[in-house]
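Below you'll find the structure, written out as structure tokens, and then a few comments.
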Amino acid sequence: MNSDLTVLDNPVAESLLAAHAHLARRAGRAATYLPGVATFCALPTEPGPADWADLARLLGPGGFADMFSSEALPPADWEPVFELEGRQMLWRGGHPAGEPRPADGVSLVELGPDDVPEMLDLVERAAPGPFGARTCELGTYLGIRARGTLVAMAGERLRPPGWTEISAVCTAPEARGQGHAARLVSALVDRILSGGEQPFLHVAEANAGAIALYERLGFKTRAAVTFRGFRTP
């Protein structure tokens, strides 16, 4: 694996500086995504008071600062919103053997703007994490349709140089246990590798089932991370 691992230490900032620069809002050294795309914010690895002030100005009073996996903590007058333990995993090679074949009437498709209402409905029911009306602009999203109905999806999110993050892996409650997530993640791995980049992902530490699936598909843990969100004063 030749891709630079250091860009994964601050993947939101690296994405907003490169592949997602066209989706960024900036103030000084602070950045965040455009509304509806993502709530993630980025600062330098070791931000100073001026950087936090720039981010506060960018978000406005009472704005939500989703700091993703940044270890930096804001000034004391920023209100904590959430804290979640997780891990960052990298694809180290290998594919699952004998993935179950899809049943009749089930197809894997590429999703686009016309599919957004169904994607948002699936996210509401399956709760994979943050996903907005414009999140699909971050990269390619694939879905599984069963007799025309969207029952599972996964896609590309953060894009630090040399890497593409797999995210929004979710399956409707009534369609679980049929191998949909494995098929989607495997298809995205193939797609990312064919584009000359390396796949990685993030997962909540409490989601043991997802971690086991990703390990079976060839992902290995790189680092423990803590996801945090704050509200500006």
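The values are calculated or read from the model by the stated rules, or taken from the named source; none is laboratory data. Owing to the predicted nature of the structure, the values given are computational and were not obtained by experimental measurement. Methodologically, a virtual Cβ is constructed for each residue, glycine included, from the backbone with ideal geometry; neighbour enumeration extends over all protein chains shown. Side chains included, ligands, DNA and RNA excluded: accessible areas come from the protein's heavy atoms. Shrake-Rupley method; radii C 1.70, N 1.55, O 1.52, S 1.80 Å.
Of note:
- Scope the stretch 177-233; condition among the polar types (S, T, N, Q), in a loop (DSSP other than H, G, I, E, B) and open to solvent by less than 40 Å² (accessible area, probe 1.4 Å); matching residues: 232
- Scanning the stretch 129-147 for residues that are open to solvent by 50 Å² or more (accessible area, probe 1.4 Å) and either closer than 24 Å to residue 190 by Cα or touching a Gly at 6+ places or on another chain (Cβ under 9 Å) (or both) turns up 133, 134, 137, 147.
- Within the stretch 112-127, tally of residues that are within 13 Å of residue 152 (Cα to Cα) and assigned to a loop (DSSP other than H, G, I, E, B): 1
- Among the conditions (1) over 30 Å from residue 75 (Cα atoms); (2) open to solvent by less than 60 Å² (accessible area, probe 1.4 Å); (3) among the basic types (Lys, Arg), the only one that residue 157 does not satisfy is (1).
- Within the stretch 131-165, tally of residues that are in a strand (DSSP E or B) and not hydroxyl-bearing (Ser, Thr, Tyr): 14
- Entirely in the stretch 1-106, the strands (runs of 3 or more DSSP E) that have 1 or more residues that are at pLDDT 95 or above, over 25 Å from residue 221 (Cα atoms) and open to solvent by 30 Å² or more (accessible area, probe 1.4 Å): 24-27, 64-66, 79-91
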